[in-house]
1. Which of the three applies to the range 346-385, rounded, prolate or oblate, going by the alpha-carbon gyration tensor with a ≥ b ≥ c and a/c under 1.5 meaning rounded?
2. Could you work out how far helix 101-116 tilts from the main Cα principal axis of the chain, as a 0 to 90 degree angle to the nearest 10?
3. Computed FRET efficiency, Cβ-Cβ of Glu11 and Arg91, R0 25 Å: what is it to the nearest 0.05?
4. Please list, by residue number, everything in the range 117-132 whose backbone N is under 17 Å from a paramagnetic label point 7 Å out along Cα→Cβ of Thr48.
5. Quick check: Cα centre of the range 42-76 to Cα centre of the range 91-118, how many Å?
6. Once you have the alpha carbon radius of gyration of the chain, what is it after dividing by 2.2 N^0.38 Å, with N set to its residue count?
7. Read phi for every residue in the range 200-215 and hand back ³J(HN,Hα) as whole Hz from Karplus 6.51 cos²θ - 1.76 cosθ + 1.60, θ = phi - 60°, with x for Gly and Pro.
8. Compute the angle between helix 30-40 and the longest alpha-carbon principal axis of the chain, please, reported from 0 to 90 degrees and rounded to the nearest 10.
Amino acid sequence: MREEAAAIAGEIAELRHDIHREPEIGYELPRTQRKVLAALDGLPLEITLGTALTSVTAVLRGGRPGPAVLLRGDMDALPVTEATGVPFASRIDGVMHACGHDLHTAMLAGAARLLAARQPDIPGSVIFMFQPAEEGGGGAKLMIGEGVLGAAGGPPVAAYALHVFSDMLGCGVFAARPGPALAASDAIDVTVRGRGGHASVPYRGLDPVPAACEMVTALQAMVTRRFDVFDPVVITVGSFHAGTARNVIPDEAAFHATARSYSPQSRERLRDETLRLVRNIAQAHGLTAEARFVEGYPVTVNDPAEAAFATATAAEIFGAGRAIIPAQPLTGAEDFSFVLGEVPGAFIMLGACPPGTDPRTAPSNHSAAAVFDDAALADGATLYAELALRRLARR
Ligand SMILES: [Zn+2]
Ligand SMILES: [Zn+2]
């Protein structure tokens, strides 16, 4: 498989560069969708396009009977102005493939080529899930709603996603851990309402600013006093707004936070405790607070057996030094979590920082300077294909 992947490495890189030059954001990725369809053209695939989003679901039915395995690659870019200087840099102002999803799309199309060549011998089906709107839009959830999990008939027995990283891991190193791999990511929106007035006579109004400030610090105390250190949570208030002038007490103050957690229990407690804390602080000061906890992506939980299978497969193909089990999950979030909520599987990290770069100091994913090396492409396509083949052979 590695040799076959090496033979098409140039084409995979070309597709990646083509997608990288014209990045698109969100649910509607018409150009990217066209490029994927062109790359899959002529292969023995059953293709369905999304209706609520420009997804591509391709099913390869093997020549022998068996269950289905799902492989996912996300396709969307970010609102970032590229500053990498690579020859295939983005030509679209303010849009960049800064999370490496261009590599995922190209690797998945490559895997489709590799597997299609073995179609008669495959004992079952492979579902290729080309997904828009990973970056905040929950495209995976929409694709599940449109039937991606049933595309081959019954539900898949396993699902795998590869994700490249421009830092953290050495180039070509695969990593998957059992259990939580990424955090749940939720939003907290708070508006504290008081009564504005002249800043010189605060006792005649109801100043929302000190109460809102108290909430921000109390939330940090809550994180350390109310949550198990071995089931950690993170709250960051990234936006805080109140007032228009130094001598005016505003009617309201508002802030927005992101909340990360690693278990359904702590996620639920995070919601309950946050809302209670914020509302009661407002009440203590004679104010009211409108507080919302908006669920984003759930915890990405790797099935222990599937994660072990993924790292063992990578170690067998590429050598033991290229497969590791990270001690800790990441604090980022992924909507592949919705797939893993339905199907056992694994989210597998792949180091793609360029040679000569120190992964500890390289610009990270989402940075305007993040560079992902083409060297990861053939190996990523190989692993996708091998995971599907071996998992189907095992049943
Ligand atoms: Zn990202
Ligand atoms: Zn990503």
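The values are calculated or read from the model by the stated rules, or taken from the named source; none is laboratory data. Everything quoted here is computed from the prediction, not taken from an experiment. All Cβ positions, glycine included, derive from the backbone under ideal geometry; neighbour counts span all protein chains shown. Just so you know, the surface numbers come from the protein's heavy atoms only, side chains and all, with ligands and any DNA or RNA stripped out. Shrake-Rupley method; radii C 1.70, N 1.55, O 1.52, S 1.80 Å.
1. Working: a/c = 2.28, a/b = 1.74, b/c = 1.31.
Prolate, because a/c is 1.5 or more and a/b exceeds b/c.
2. 30
3. On the way: r = 21 Å, r/R0 = 0.84.
For Glu11 and Arg91, the calculated efficiency is 0.75.
4. 125-132
5. Centre-to-centre distance over Cα atoms comes out at 14 Å.
6. Numbers: Rg = 23.5 Å, N = 395, 2.2 N^0.38 = 21.3 Å.
Relative to the rule-of-thumb radius for its length, the chain sits at 1.10.
7. Rounded to whole hertz, the list is 7, 10, x, 5, 8, x, 9, 7, x, 5, x, 5, 5, 4, 4, 4.
8. Helix 30-40 sits at roughly 20 degrees to that axis.
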